[in-house]
1. Hey, could you check the stretch 130-146 for residues that are under 17 Å from residue 48 (Cβ atoms) and not in a helix (DSSP H, G or I) and say which is nearest to the chain's Cα centre (by Cα)?
2. Please verify whether residue 239 is over 16 Å from the mean Cα position of the chain (by Cα), at pLDDT 85 or above and over 24 Å from residue 39 (Cβ atoms), treating the condition exactly as stated.
3. Kindly evaluate residue 280 against the criterion of being in contact with an Asp or Glu (Cβ under 7 Å, 6 or more places away or on another chain), crowded, with 18+ Cβ neighbours inside 10 Å and free of Cβ contacts under 8 Å to residues at least 24 places away in the same chain.
4. With the requirement that a residue be closer than 30 Å to residue 171 by Cβ, among the hydroxyl-bearing types (Ser, Thr, Tyr) and assigned to a helix (DSSP H, G or I), what does the stretch 26-79 give you?
5. Restricting attention to the stretch 83-120, and to residues there that are part of a loop (DSSP other than H, G, I, E, B) and among the hydrophobic types (A, V, I, L, M, F, W, C), which single residue is surrounded by the fewest Cβ atoms within 10 Å (Cβ to Cβ)?
6. Tell me the residue from 80, 135 that is closer than 28 Å to residue 318 by Cα, of a type in the set (Val, Ile, Thr) and crowded, with 21+ Cβ neighbours inside 10 Å, please.
7. Does residue 210 qualify as being without any contact (Cβ under 8 Å) to a residue 60 or more places away in the chain, touching a Cys at 6+ places or on another chain (Cβ under 8 Å) and closer than 24 Å to residue 27 by Cβ?
8. Considering the stretch 96-119 alone, what residues qualify as being among the aliphatic types (A, V, I, L, M) and either under 19 Å from residue 154 (Cα atoms) or touching a residue at least 40 places away in the same chain (Cβ under 8 Å) (or both)?
Amino acid sequence: MKRNAGKILSAAKASAVLILFLLCIFYPQLTGKAVSEALQRCLVTVIPSLYAMMIVSAVIVRSGILTYTPKAMERLSGAVFGMDGFTMAVFSFSAFSGYPVGTSMIIERYEKKAISRETASVLSGLCCGAGPAFVFGCISGKYYSTHAAGIIITLSAVSANLLLALMLSPFLKKSGSAQYTEKKGLSLTSETLTESIISSGKSMAVICFTITAFAVLSEFLDASGIYGKAGGILSRLSGLPEKNAVSLLRGITDITAAGPLPRDDYTLLPFLCAMTSFGGICVLFQLCTLIRGRFPVMPLILIRTASAILSGVICRVTVPFFLRRQLIAVSVINVRLYSPPSPVPSVMLIIMTFMLFLSFKRERR
């Protein structure tokens, strides 16, 4: 039975890839448009928002700073969340470091046999967060004129992760960690920084290529009318205008590709918060690519879905309190035209990273 199900799944995947390949051949204009828009998003928004934070995260992991966890924190995290000190540090750090960073750190712990397969599967869903750089750069900065929206999204997403960690703490306490002691040691050298830049550059390349692939898929879904039909259903269920519902659905597919929405509309904030906490199918695909079958990914998908619902509810409840002092008279608002930044700095950054990679590889040889 399992063998037949595996064959059916493989056949479905092959068919989907073949269909997408044929669509790219017969509709080159749609493909070109999607690729152009995706590259523009990567160069103007994604790379400036994420690259620096990914480098800092890699330096922190490689330097061994997280091994210096206070014993008081270890006891508290073990009693409350069922996590050892290092895992708690990873959980806390991943909430502010960006989607792939926490999962990468969990994979590293699993490969060291510091945690079990089941624990790694659950933690991969908990140790996942957009990070303030992405929230303010790609979400709140795009749709809102104040920083309050970004603060609400960040706090709601972090609160949802904390609540889920508390709910799953009985399982984490029961599963525990393997008999493994993390060796303490601080190594902050020029080589550490160089390796962090190179590894972050590779991860950034994977993210941008995945965004481009999903942009093409979204374009075909839009052209086929699937987004329109699904948006109509979501509009009837949620009461949102159909145009806004379609834009949010595009964001569920790829969070960086959410369509145009009314600016400074705080009734949409819970939906944007849920979308950010979920990460989008594109982000989940990236995380599954990182995991590569080491442990099951279904808990990751279920936990991120639950986190999206929780964060949306928390956001809806807390929005009135946060925005009480944010109400401004319309006559006071300073309206100005939006001018997108140039992609040239990101292009130069990519070139310099590639040059650094070649130089480092040559020195290693």
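The values are calculated or read from the model by the stated rules, or taken from the named source; none is laboratory data. Since the model is a prediction, treat every value here as computed from it, not as a measurement. Note: ideal-geometry Cβ built from the backbone for every residue, glycine included; neighbour counts use all protein chains shown.
1. The extreme case among them is 130.
2. No; evaluated as a whole, the condition is false for this residue.
3. The answer is no for residue 280.
4. Scanning the stretch 26-79 gives 57, 67, 77.
5. Step by step, filter the stretch 83-120, then rank; the result is 96.
6. 135
7. no
8. Selection gives 101, 105, 107, 114, 115.
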